[in-house]
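Here's the structure we're looking at; comments come further down.
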Amino acid sequence: MDYLLLLSDEEYQARFKNGHPTPYTFEIFGEKQAIFYFGAKHSRNPKDDQWGKLEVYWKQFLDATSGKRTVFLEGPGGFEVFGLAREEIIKRFGEAGLLISMAKPQNIPFVWPDLSIQEEAKQLEQQFDLDLVNYFIFVRSAGAWLKAGAKGTFNEVVDKAVISTAQRISGAPAELNFYASTHKRIFGRELVLSEQETLIRAAAPVYHDSVINDIARASSRLRNQHIVSEIERYWLGGNSIFVLLGSGHAVVQEMALKNSLGTNRKPLNS
């Protein structure tokens, strides 16, 4: 895999400054296998039109492939959708939940190809101060939950992000005071409701507000490299793969995957 073909965050921003289609989809075909990549908008809104598009794209994948199939998903996993209505699945688990509800009856296995949070933090600590890395992991969860309108009020989200960080990162502080004081040291402001937009932006690689965005860019690179290496590993193992990740991952990874894996030949049963 040629990691140099992964778009940098700067290349991504320059090329798509006016945005890109979401969902963002592309396919790669080998002699007897295929990759269908659905770059989703992270949403839990049952009225979003991407759900119908995901269902259609999934059927296209099933129609185009046979033999060994694998689904790649983003997120921690570990949840159950059996017995839940479609709308409830979307509200609780978003795109990953909906795809699981479609793939599980087909007995198609799931893979979560991202770096573990612990391994990601370990690698980031080689480049950045440990306290800043812990804060980054905290704010990535808090910002994502605030943006999605999940996990409750601002204070509830912050408290849950503290607990989540401490549980997933060995040695990470479990006290809100640590993250509040680190926030004030970086931004010069108290960690209160009026800082909600700051938290949402802080862990996004497309912004340049603080050193935390620098960590986000380093994290993005590490994660994308790991994900494409996992896709390549399963591809070389003879699997057809349905990838469901955020649209940014799809855009960044497309060129590297197509150049490394694609043969431009359709699968035998297409």
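The values are calculated or read from the model by the stated rules, or taken from the named source; none is laboratory data. None of these values were measured; they are calculated from a predicted model. All Cβ positions, even for glycine, are placed from backbone atoms using ideal geometry, and neighbour counts span all protein chains on display.
Out of G97, G143, which single residue is in contact (Cβ under 8 Å) with a residue 40 or more places away in the chain, part of a helix (DSSP H, G or I) and surrounded by 15 or more Cβ atoms within 10 Å (Cβ to Cβ)? Give the steps one after another, and end with the answer.
Working: G97 fails: in contact (Cβ under 8 Å) with a residue 40 or more places away in the chain.
Exactly one residue qualifies, and that residue is G143.
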- Using the structure shown, decide if G237 is touching a Lys or Arg at 6+ places or on another chain (Cβ under 8 Å), in the same structural domain as L54 (by TED's automatic domain parsing) and among the small types (G, A, S). yes
- Message: Return the pair list, or none, for Cβ contacts closer than 6 Å from residues in segment 12-39 that are of a type in the set (S, T, N, Q) to residues that are outside any loop (DSSP other than H, G, I, E, B) and crowded, with 19+ Cβ neighbours inside 10 Å, at least 6 apart or on different chains.
- Response: T22/S247; T25/F38; Q33/S240
- Please work out which residue is farthest from L98 (Cα to Cα), limiting yourself to segment 9-39 and to residues that are at pLDDT 95 or above and small (G, A, S). A34
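Please verify whether V251 is surrounded by fewer than 18 Cβ atoms within 10 Å (Cβ to Cβ) and touching a residue at least 60 places away in the same chain (Cβ under 8 Å), treating the condition exactly as stated.
Working: surrounded by fewer than 18 Cβ atoms within 10 Å (Cβ to Cβ): no; touching a residue at least 60 places away in the same chain (Cβ under 8 Å): yes.
No: the conditions fail for V251.
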- Item | Evaluation of V157 against (1) surrounded by fewer than 16 Cβ atoms within 10 Å (Cβ to Cβ); (2) touching a Leu at 6+ places or on another chain (Cβ under 6 Å) (one fails), failing number | (1)
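Of Q127, Q118, which residue is among the polar types (S, T, N, Q) and either modelled with pLDDT of 95 or more or in contact with a His (Cβ under 8 Å, 6 or more places away or on another chain) (or both)?
Numbers: Q118 fails: either modelled with pLDDT of 95 or more or in contact with a His (Cβ under 8 Å, 6 or more places away or on another chain) (or both).
Only one candidate passes the filter, namely Q127.
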- Task: Just one of (1) closer than 22 Å to E120 by Cα; (2) of a type in the set (S, T, Y); (3) in a helix (DSSP H, G or I) trips up S194, so point out which.
- Result: (1)
- Answer yes or no as to whether V228 is in a strand (DSSP E or B), within 21 Å of the chain's Cα centre (by Cα), hydrophobic (A, V, I, L, M, F, W, C) and at pLDDT 95 or above. no
- Entirely in segment 1-74, the strands (runs of 3 or more DSSP E) that have 3 or more residues that are surrounded by fewer than 20 Cβ atoms within 10 Å (Cβ to Cβ): 24-29
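To keep it simple, each residue is scored yes or no on (1) loosely packed, with under 15 Cβ neighbours inside 10 Å; (2) farther than 22 Å from A121 by Cβ; (3) among the charged types (D, E, K, R); (4) in contact (Cβ under 8 Å) with a residue 40 or more places away in the chain.
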residue: A166; (1), (2), (3), (4): no, no, no, no
residue: P205; (1), (2), (3), (4): no, no, no, yes
residue: I212; (1), (2), (3), (4): no, no, no, yes
residue: R223; (1), (2), (3), (4): no, no, yes, yes
residue: I227; (1), (2), (3), (4): no, no, no, yes
residue: E230; (1), (2), (3), (4): no, no, yes, yes
residue: V243; (1), (2), (3), (4): no, yes, no, yes
residue: S247; (1), (2), (3), (4): no, yes, no, yes
residue: G262; (1), (2), (3), (4): no, yes, no, yes
- Query: Restricting attention to segment 108-154, and to residues there that are within 30 Å of K91 (Cβ to Cβ) and among the aromatic types (F, W, Y), which single residue is farthest from the chain's Cα centre (by Cα)?
  - Reply: F154
